[in-house]
Ligand code: MTE
């Protein structure tokens, strides 16, 4: 049974003989797992299966993008232990009935955490398969009762230079804090989750503890980490990578093999682990393989222009 309450997820530091550990041994022995094996999920939504091997845990937690801790892939796992993640406050504002400052614990109390095995495709053309532990974002947002003006949701990462050395860097191209956004129908889609864990344990800091966004059909940069603010808006919010280079990164950032990045092809990807001699390259799928579930959200849009 892979359905838990948030407070039941063991923290990353301890390694109890929990059912998750048993599950991990099981995964190791089988090699390939599929979300469908564990259906039906608490949400009642049937998550499409990913019949591909999981990316090893040490890569998921050791090869990261989290510029608040540096620009190299190893920087986050080296430096993120400095971040204090409890207690954690979240500010909710904008077009909703319930706004204010909340303790994260209260925001997610009573909600169910589901294991979601998703493909994860970075805009840099590498990819992984990750067993997230997550809560459907729609279940969280519904608690704040957004009103009919809420057409978008904006998310903001913690700004705390004392614990996030990248935010103190003299020559950073990022105007901190990191921000992201979704259209409300994207945010409410059952595939969109807030991850609070990975590989059966609480999220390690380098993966965005205590909670981060996962939108499996979009490039990884939409998956904003360590969120401290949620704002419901009428207008499309800005997002960090689009602010840095609008000709290279858009608001939608749907995985799209037909629209190349100006500096590299998006037609294929390196599935990690990948080496020079064994690149493990595979074709990139439209919407990262989730087209059947989400393509209709974009009916009538020119995705080459709204990339
Ligand atoms: N969130 C914040 N706050 N800062 C970041 O630098 N990087 C993004 C995204 N979320 C980033 C972030 C990018 S570019 C990617 S690919 C994913 O996080 C990486 O997530 P992972 O390290 O868990 O694989």
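Some observations on this one:
- The chain - percent relative contact order, Cα under 8 Å, separation 6 or more: 19
- Share antiparallel - DSSP beta bridges, the chain, percent rounded to 5: 85
- Stretch gain in nm, segment residue 138-residue 162, where the contour uses 0.36 nm per residue and the Cα spacing is subtracted: 5.4 nm
- With the simple model of a label 7 Å out from the Cα in the direction of the Cβ, residue 97 to residue 59 spans 4.6 nm.
- Footprinting exposure proxy ranking of 74, 188, 164, fewest other C-beta atoms within 10 angstrom first, gives 74, 188, 164.
- Hydrodynamic radius of the range 72-161 by the Kirkwood approach over all distinct alpha-carbon pairs: 16.0 Å.
- The distance separating the Cα centre of the range 247-291 from that of the range 99-172 comes to 23 Å.
- Computed E for residue 8/residue 267 - FRET, C-beta separation, R0 51 angstrom, nearest 0.05: 0.75
- For the chain, adding -39500 (n - 2.57) for each run of n ≥ 4 DSSP H residues and dividing by the number of residues yields -3000 deg cm²/dmol at 222 nm.
- For residue 304 and residue 89, the difference between the fully extended length at 0.36 nm per residue and the C-alpha to C-alpha distance is 73.6 nm.
- Estimated FRET transfer efficiency when R0 is 25 angstrom, pair residue 276-residue 124 (beta carbons, to 0.05): 0.95
- Rounded to the nearest whole angstrom, the semi-axes of the ellipsoid equivalent to the chain, taken from the Cα gyration tensor as √(5λ), stand at 25, 24, 22, largest first.
Since every read-out is calculated from the coordinates, none of them should be taken as a lab result. Quick caveat, the model's predicted, so the values are computed rather than measured. No Cβ is skipped: glycine too gets one built from the backbone with ideal geometry, and neighbour counts run over all protein chains shown.
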